[in-house]
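As structure tokens, the structure follows; a few thoughts come after it.
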Amino acid sequence: MNPPSPKSYQTQFRKIGQYGIVMAFFVICIALALSTPRFLTIQNLMIIVTQVSINALLAFGVTFVIITGGIDLSVGSIVAVVGVVAASFAHPDTYPIIVPIVAGLLTGILFGTLNGFVITRSNVPPFIVTLGTMTIGRGLALILIKGRPVSNLFDSFNFLGGGKILGIPTLILVLIMAFIICSVFLRKTVSGRYMYAVGGNEQAAKASGIGVPRVKMLVYVLSGSLAAIAGILLTSRIGTGQPNAGAGFELDAIAATIIGGTSTTGGTGTMTGTLIGALLIGVISNGLDLLNVSSYYQLVIKGVIIVGAVILDSLNQKRN
């Protein structure tokens, strides 16, 4: 009997990396279900998915970026500035609902375009560029409303993130639609294949005729657009435009993406993995809340999970 070849070991390792997050998700769900009877109730499961929705939307955009080998630290600030812009146009008896939605979307697209333009036109690393726009966005959110929350929003706007359709929260419905659209775009379109090619080997992508700057510009615009949708929905859900909204959201989005199997070096990743990563974070947070575990310990646990995911990604890269 011949011993397994190195390629077979690599294949087995990739399969473990691909399905390990799913197995971990179900193991944690089972453990929490056995620990507290409140976990598996329909009401609690709906709460988990609703709470995860905003982070998952941000993580979908970050997934596009990381697949190309970039990073986007500005999504949390985009949520804040989009929220205050949308809220400023959402007062009763002023503008129709389309106005705050379009204003918010354009704001997110502008930030994504700015990120993409600077990154593709200069040699400044994406980490530095998006760190700068993160600070700019947070400052603009404070300047636009002078540091004061914008409240008294009309009901139709509040329905976007706080309503229900056929008993299902609108946030969950938006999450499902965004997941389907992003998955199809990434896997079934030429642009999606170009993203994998750029992240896998940028020089080879250039040599094969792929417009690398256009691809990079596209992923940052997509990230800004999804952050804008998240910002509009969050503002609608809480019923006020908060300049400090979205603080730390970029870290949760990156964590969900990496935990879901998207390689930090680019070239690999799926929206399914990102969604499971976001759900895993949400399930752990919810379960620990039900078990009355201090939020301080929750931060430590989340950090350990992120570091573990990065270590696994590093081992996977070495095996390949």
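The values are calculated or read from the model by the stated rules, or taken from the named source; none is laboratory data. All values reported here derive from a predicted model rather than from experimental measurement. Note that each Cβ is placed from the backbone with ideal geometry, even for glycine, and that neighbours are counted across all protein chains shown.
Computed quantities for the displayed model
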quantity: Long-range neighbours under 7 Å by Cβ, at least six apart or interchain, first residue under 20 Å from Ala227 (Cβ atoms) within the range 159-184, second at pLDDT 90 or above and surrounded by fewer than 14 Cβ atoms within 10 Å (Cβ to Cβ); calculated: Thr170/Lys164; Leu173/Ile165
quantity: Odd one out for Leu153 among (1) in a helix (DSSP H, G or I); (2) closer than 30 Å to Ile42 by Cβ; (3) of a type outside the set (Ser, Thr, Tyr); calculated: (1)
quantity: Any hit, the range 196-206, residues being touching a Phe, Trp or Tyr at 6+ places or on another chain (Cβ under 6 Å) and crowded, with 24+ Cβ neighbours inside 10 Å; calculated: no
quantity: Test: residue in the range 156-167 that is farther than 22 Å from Asp72 by Cβ, of a type in the set (A, V, I, L, M) and part of a helix (DSSP H, G or I); calculated: yes
quantity: Sole exception among (1) among the polar types (S, T, N, Q); (2) at pLDDT 95 or above; (3) not in a helix (DSSP H, G or I) for Thr113, by number; calculated: (3)
quantity: Within the range 110-139, tally of residues that are closer than 25 Å to Val198 by Cα and crowded, with 19+ Cβ neighbours inside 10 Å; calculated: 11
quantity: Extreme residue, surrounded by the fewest Cβ atoms within 10 Å (Cβ to Cβ), among residues of the range 207-219 that are in a helix (DSSP H, G or I) and touching a Phe, Trp or Tyr at 6+ places or on another chain (Cβ under 9 Å); calculated: Arg214
quantity: Yes/no for Thr274 being in contact with a Cys (Cβ under 9 Å, 6 or more places away or on another chain) and closer than 20 Å to Leu312 by Cα; calculated: yes
quantity: Wholly within the range 1-109, helices (runs of 4 or more DSSP H) carrying at least 3 residues that are modelled with pLDDT under 90 and of a type outside the set (S, T, N, Q); calculated: 6-35
quantity: Which listed residue, of Ser122, Ser77, is within 20 Å of the chain's Cα centre (by Cα) and among the polar types (S, T, N, Q); calculated: Ser77
quantity: Breaking point among (1) small (Gly, Ala, Ser); (2) assigned to a helix (DSSP H, G or I); (3) over 30 Å from Asp155 (Cα atoms), for Gly224; calculated: (3)
quantity: Filtered residue count, the range 220-247, keeping only those that are crowded, with 21+ Cβ neighbours inside 10 Å, of a type in the set (Val, Ile, Thr) and out of contact with any strand residue (DSSP E or B) (no Cβ under 7 Å at 6 or more places or on another chain); calculated: 3
quantity: Sole residue being over 16 Å from the mean Cα position of the chain (by Cα), under 23 Å from Leu57 (Cβ atoms) and not aromatic (Phe, Trp, Tyr), chosen from Gly200, Gly209, Gly224, Gly162; calculated: Gly162
